[in-house]
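K.L.:
I am attaching a structure below and will ask some questions about it afterwards.
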Amino acid sequence: MGFPILVVGEGTAVMLLDLAAFALILRVYLKNKRKSALFFSLAWLTDFFVMVSAFMGKGYLNSLLLTLFGAMLFYSAIEFLKEEKESITLAEVSKLALPPIGVVFYMLLFLELKAPNIPLSEVYANILLGVAWSNAAFLAISAGFFFKKLIPMYEHAKHIYWGLIFFGLHLFPYPFFHDLTWYGPIGLTLSMILIAWLVYYMVSMVSSEQFNKIEVPEMKEIKLEEGVLIIGSSEYEEIKRMLEEFPVLAFIRMIRDVPSTWRYYFVTTAGDERENAISPTDLGKISELSYRYLKATEEKGRGIILIDCVEYLLMYNELNSILKFLTKLRDFVKLYNGTLVLVIEKEALGKKDYSLIERLLE
């Protein structure tokens, strides 16, 4: 079937915006390794395929991809909050139930008004349409409410919040009016405006200095070699005294007497009981934080990363995973002229594994 020139033009504009957002935000991710940037970029790539499927006349695929787009926006917002160490209250957790509950009531209204006016053979297709579009709408609105928490920290968060709210709201009418010729241009024009709004402010936000840097105070000169330094617990106290006024990034189990200048994360399976807790299985998060820290410290001196719990990490991860993880950190510190301090007891780790790590990190 043919499409009006206006629809083709606006649809093409939306696809170009999607690709631009995908490329620009992915570029940010490749620089700072923040997972939220990766998910934001993939969300816009998904919306590109939403438009492709619409032009191809693939209604079922279009509906499913739109739901995925809403889910990606929702998950990106949650990941963003986690990165900013913003806790989610019980009241806010309850909002996670709004999408499925909202879909149920939306479908009751939709079927009450729509089903009597269409052939029985089309009812199931319309049910999929209604579920997909209402689910995407509720997910986008929920993502908007989570963005509201970020308004005090990011000036563009307010615009993204309102953009997601209105984007979600504008999806609700489509299942009711999609088969009416007058609605297509109106709905697509609204989509184009809202997507342009979201793309502009989202790209601006992830390109901001605040999103891409970790704040690091001025650094003093430290007599510590660059590269990887493996020490025992007896040397740990000496190193701690040497670095007590240095902004070390530390991933530790021994949280007693941690210098106040250190930015430390407690490696634990206790979940979110502590604001700065990090799971021993989340090696990707440790790598991401290390990369951002080293990149930020490069301008003010050099960064020092300390891990006092390699044995603990090995309890929850395969040895090969730990070796790949440590190799990645070694490459990071070499790239940014930093230092990685590993506190390892040879007896606790075992001579074979200790020698393997020592040889790999030379």
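K.L.:
Restricting to region 213-245, give me the number of residues that are under 31 Å from the mean Cα position of the chain (by Cα), of a type in the set (A, V, I, L, M) and modelled with pLDDT of 70 or more.
P.N.:
Residues in region 213-245 being under 31 Å from the mean Cα position of the chain (by Cα), of a type in the set (A, V, I, L, M) and modelled with pLDDT of 70 or more: 1 in total.
K.L.:
State whether one or more residues within region 123-142 are exposed (fewer than 15 other Cβ atoms within 10 Å of the Cβ) and modelled with pLDDT under 65.
P.N.:
Yes, region 123-142 has at least one match.
To keep it simple, each residue is scored yes or no on (1) surrounded by fewer than 22 Cβ atoms within 10 Å (Cβ to Cβ); (2) under 16 Å from V206 (Cα atoms); (3) in contact (Cβ under 8 Å) with a residue 12 or more places away in the chain; (4) within 15 Å of the chain's Cα centre (by Cα).
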| position | (1), (2), (3), (4) |
| --- | --- |
| G9 | yes, no, no, no |
| A20 | yes, yes, yes, no |
| V28 | no, yes, yes, yes |
| N32 | yes, yes, yes, yes |
| L42 | yes, yes, yes, yes |
| T46 | yes, no, yes, no |
| Y60 | yes, no, yes, no |
| E84 | yes, yes, yes, yes |
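K.L.:
For region 268-278, check the following and say yes or no: at least one residue is touching a helix residue (DSSP H, G or I) at 6+ places or on another chain (Cβ under 8 Å) and free of Cβ contacts under 8 Å to residues at least 24 places away in the same chain.
P.N.:
Start the filter on region 268-278 by keeping residues that are touching a helix residue (DSSP H, G or I) at 6+ places or on another chain (Cβ under 8 Å), which leaves 269, 277-278.
Then drop every residue that is not free of Cβ contacts under 8 Å to residues at least 24 places away in the same chain, which leaves 277.
Within region 268-278, one or more residues are touching a helix residue (DSSP H, G or I) at 6+ places or on another chain (Cβ under 8 Å) and free of Cβ contacts under 8 Å to residues at least 24 places away in the same chain.
K.L.:
Right, next: Would you confirm whether or not region 248-269 contains a residue that is modelled with pLDDT under 90 and in a helix (DSSP H, G or I)?
P.N.:
No, the conditions are met nowhere in region 248-269.
K.L.:
So, one more: Select from region 335-362 the residues that are small (G, A, S) and either modelled with pLDDT under 80 or over 34 Å from the mean Cα position of the chain (by Cα) (or both) and list them in ascending order. Break it down into steps so the answer makes sense when it comes.
P.N.:
Of the residues in region 335-362, the ones small (G, A, S) are 338, 348, 350, 355.
Listed by number, the residues that qualify are A348, G350, S355.
K.L.:
A further question follows. For region 248-293, how many residues meet the condition of being open to solvent by 10 Å² or more (accessible area, probe 1.4 Å), farther than 19 Å from I322 by Cα and hydroxyl-bearing (S, T, Y)?
P.N.:
3
K.L.:
Okay, next question. I'd like the residue in region 298-332 that is among the β-branched types (V, I, T) and in a helix (DSSP H, G or I) and, out of all such residues, is most open to solvent (accessible area, probe 1.4 Å). So that I can check it myself, show each step before the final result.
P.N.:
Here is the first cut: in region 298-332, the residues among the β-branched types (V, I, T) are 304-305, 307, 310, 322, 327.
Then keep just the ones that are in a helix (DSSP H, G or I); that gives 310, 322, 327.
Numbers: V310: 1, I322: 1, T327: 31 Å².
Out of the qualifying residues, it is T327.
K.L.:
Also: Quick one: how many residues across region 335-362 are open to solvent by less than 40 Å² (accessible area, probe 1.4 Å) and in contact (Cβ under 8 Å) with a residue 24 or more places away in the chain?
P.N.:
So the count comes out to 11.
K.L.:
Can you pull out every residue in region 227-247 that is surrounded by fewer than 18 Cβ atoms within 10 Å (Cβ to Cβ) and in a loop (DSSP other than H, G, I, E, B)?
P.N.:
Listed by number, the residues that qualify are G232, E244, E245.
K.L.:
Could you say whether any residue in region 285-305 is at pLDDT below 85, over 18 Å from F211 (Cα atoms) and of a type in the set (S, T, N, Q)?
P.N.:
Checked region 285-305: no residue is at pLDDT below 85, over 18 Å from F211 (Cα atoms) and of a type in the set (S, T, N, Q).
K.L.:
With open to solvent by 10 Å² or more (accessible area, probe 1.4 Å), in a helix (DSSP H, G or I) and over 24 Å from V206 (Cα atoms) as the only criterion, which of L64, L68 stands out?
P.N.:
None of the others qualify; the one that does is L64.
K.L.:
Does W182 meet the test of being open to solvent by 40 Å² or more (accessible area, probe 1.4 Å) and closer than 16 Å to D47 by Cα?
P.N.:
Numbers: open to solvent by 40 Å² or more (accessible area, probe 1.4 Å): yes; closer than 16 Å to D47 by Cα: no.
Judged against the criteria, W182 is not a match.
The values are calculated or read from the model by the stated rules, or taken from the named source; none is laboratory data. Source: prediction; values computed, not measured. Cβ atoms come from the backbone with ideal geometry, glycine included; neighbour counts cover every protein chain shown. What goes into the accessible areas is simple: the full protein's heavy atoms, side chains included, and nothing from ligands, DNA or RNA. Shrake-Rupley method; radii C 1.70, N 1.55, O 1.52, S 1.80 Å.
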